[in-house]
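Presented below is the structure to which this report refers.
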Amino acid sequence: MNDSDFIGFSFNGIHSDTLHIKRVSDGSRYSENLSPNFQDVKAQVPGRDGSLYWDSFYSEKPLPVKIAFDDLSEVGFRTLKQTFNGKAEGWLIFDEEPYKQWWVKIQNPPQIQYLCFYDGNGNRVYKGEGTINFVAYDVYAHAKGHNLATYRQMEEITNLDEWKDGSGMRNDDSRGEGAVNFDQPSSATVALHDRVVVQNTGDVECDWVAVIPCIISTTPYSFSLRRIRLSDNAGTWLGDLRLNSFDLKGEDRYLIVDSRSQLIEGARNLSINSDIPICGIGRVTYDLTGTLYNEAISGGDFFKIPKGASPSDVYAIRFWDENNQPIDADLYYDLLYY
């Protein structure tokens, strides 16, 4: 266990140790909401008792953090105000579960109660406590990586053995001799890479973003994507999105297929960035041109990646051209946790 487990956290890249504050319990115990806030979709039927219930939707995840401090200087007091200013957004990470990061902002003005003392040099020193109410409107925590090997490479994480079982993550991306590794891009030319093999070990089914380069040997730039299909470990088809033939327009050099927004968009270029959350996908950013290609959809629907941590909970996503041949595609998705 880390020395800072349950008392340490970071917000927007700044650790609580740097701010000279500690997370504390509410009395003798920590409290936590096991799920985000939710709203029921229901209606009362005139003339009868009770209501009809259809569904529930999460609205936000409150994350209150009680803090205490006993050696806060004038500079530290100012830094505290600057860090938790109410407008800042950033990742919130608790030291005891470093694989989870919440994209949050301050829900209301933090309030602290304190006393001011003087040290031996006549400098002011503040001692007190307070509460910072964070809120995650995205409602889920995003994992930094898909496997435990990713976290073993991070020097700041020394408590992996404490939380690895709770994360449900696989050990690494290897699937054994002769098998394509997890999360490898699909390819039209590399043997056996006719699919992207995925495993979602999070708590809920997750969205994905596919980044597909176009063929630049013709004018206008031709594009061969005709079908995206999801299958389980037994080969059963679980999801299917079909498209008619089309050409990319203007400056588009990539096609971005986003299951959360349910949009197919054109992009000029892309870059990898692990610090910016986009549509639940925190790994890729791209320069969208504003061109939509949803009119090319001929059938099926955008699907999500099912959840599951057992060896059989493995899925394949295939990207095909009009001749049912694989095309190049990169896939990005985040594991999501309560």
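Read-outs throughout are calculated quantities, based only on the coordinates presented, and are distinct from any laboratory measurement. These numbers come from a predicted model, not from an experiment. Here Cβ is always computed from backbone atoms with ideal geometry, including for glycine, and neighbour counts include all displayed protein chains.
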In debye to the nearest 20, the charge dipole size for the chain, taken about the Cα centre with +1 at each Lys and Arg Cβ and -1 at each Asp and Glu Cβ, equals 600
Per the Kirkwood treatment, what hydrodynamic radius in Å, one decimal, follows for region 176-337 from the mean inverse distance over all distinct Cα pairs?
-> 16.1
Could you point to the residue in 19, 102, 132 farthest towards the positive end of the chain's charge dipole, with +1 and -1 charges on the Cβ of Lys/Arg and Asp/Glu respectively?
-> 132
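Report D for the chain in µm² per second (integer): Stokes-Einstein, Kirkwood Rh on Cα pairs, 10 °C, 1.306 mPa s.
On the way: Rh = 22.9 Å.
Value of D from the Cα-based Kirkwood radius: 69 µm²/s.
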Amide H neighbours of residue 238 under 5 Å, counting only residues 5+ apart in sequence or on other chains, H built in-plane at 1.01 Å?
-> 230, 231, 232
Residues of type aspartates and glutamates that residue 304 reaches as a straight line, Cα spacing below 12 Å, ignoring anything fewer than 8 places off in the same chain = 205, 207, 240, 258, 334
Once the Cα gyration tensor of region 9-139 is diagonalised, semi-axes √(5λ) in Å = 39, 15, 13
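How long are the semi-axes of the equivalent ellipsoid of region 115-162, defined as square roots of 5 times the Cα gyration tensor eigenvalues? Whole Å, largest first.
Output for region 115-162: semi-axes of 39, 20, 8 Å.
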At a Cα cut-off below 22 Å, give the lysines reachable from residue 127, other chains included and same-chain residues fewer than 8 away excluded.
-> 22, 66, 81
If the chain between residue 38 and residue 160 were fully stretched, how many nm would it gain, using 0.36 nm times the residue separation less the Cα-Cα distance?
-> 40.8 nm
Which value at 222 nm does the chain reach when only helices count, each DSSP H run of 4 or more adding -39,500 (n - 2.57), with the total divided by all residues and rounded to the nearest 500 deg cm²/dmol?
-> -2000 deg cm²/dmol
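Can you pull the percent of Cα pairs in region 171-217 with separation above 12 Å?
Here the tail beyond 12 Å accounts for 72 percent of pairs.
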Can you figure out the FRET efficiency of residue 321 with residue 174, using R₀ = 35 Å and their beta-carbon distance, to the nearest 0.05?
-> 0.75
Inter-site label distance for residue 288 and residue 15 at 7 Å from Cα along Cβ, in nm = 3.6
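What full-extension length gain, to one decimal in nm, is calculated for residue 29 and residue 85 as 0.36 nm per residue of separation minus the Cα-Cα distance? Don't skip to the answer; put the middle values down first.
On the way: separation 56, 0.36 × 56 = 20.16 nm, distance 2.77 nm.
That works out to 17.4 nm of additional length.
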Under 23 Å from the Cα of residue 307, which lysines turn up, not counting those fewer than eight places away in the same chain?
-> 61, 100, 144, 164
What angle, in degrees between 0 and 90 and rounded to the nearest 10, separates the Cα long axis of helix 74-83 from the longest principal axis of the Cα atoms of the chain?
-> 30
Any idea what the dipole of region 9-139 comes to, in debye rounded to 20, about its Cα centre with Lys/Arg Cβ at +1 and Asp/Glu Cβ at -1?
-> 300
Approximate spin-label separation residue 189-residue 244, in nm, with each point projected 7 Å along Cα-to-Cβ | 3.2
Sequence order, region 7-18: Karplus ³J(HN,Hα) from phi using 6.51 cos²θ - 1.76 cosθ + 1.60, θ = phi - 60°, Hz rounded, Gly and Pro as x, gives 10, x, 7, 10, 9, 6, x, 10, 7, 4, 4, 5
Would you work out which of 325, 52, 285 lies farthest towards the positive end of the dipole of the chain? Charges go on Cβ: Lys and Arg +1, Asp and Glu -1.
-> 52
Which of 209, 298, 237 sits farthest toward the positive end of the charge dipole of region 176-337, with +1 on the Cβ of Lys and Arg and -1 on the Cβ of Asp and Glu?
-> 298
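What is the sum of charges, Lys and Arg at +1 and Asp and Glu at -1, for the other residues whose Cβ falls under 14 Å from the Cβ of residue 316?
Numbers: positive: 175, 195, 227, 229, 318; negative: 183, 194, 232, 240, 313.
Taking every other residue near residue 316 into account, the sum is 0.
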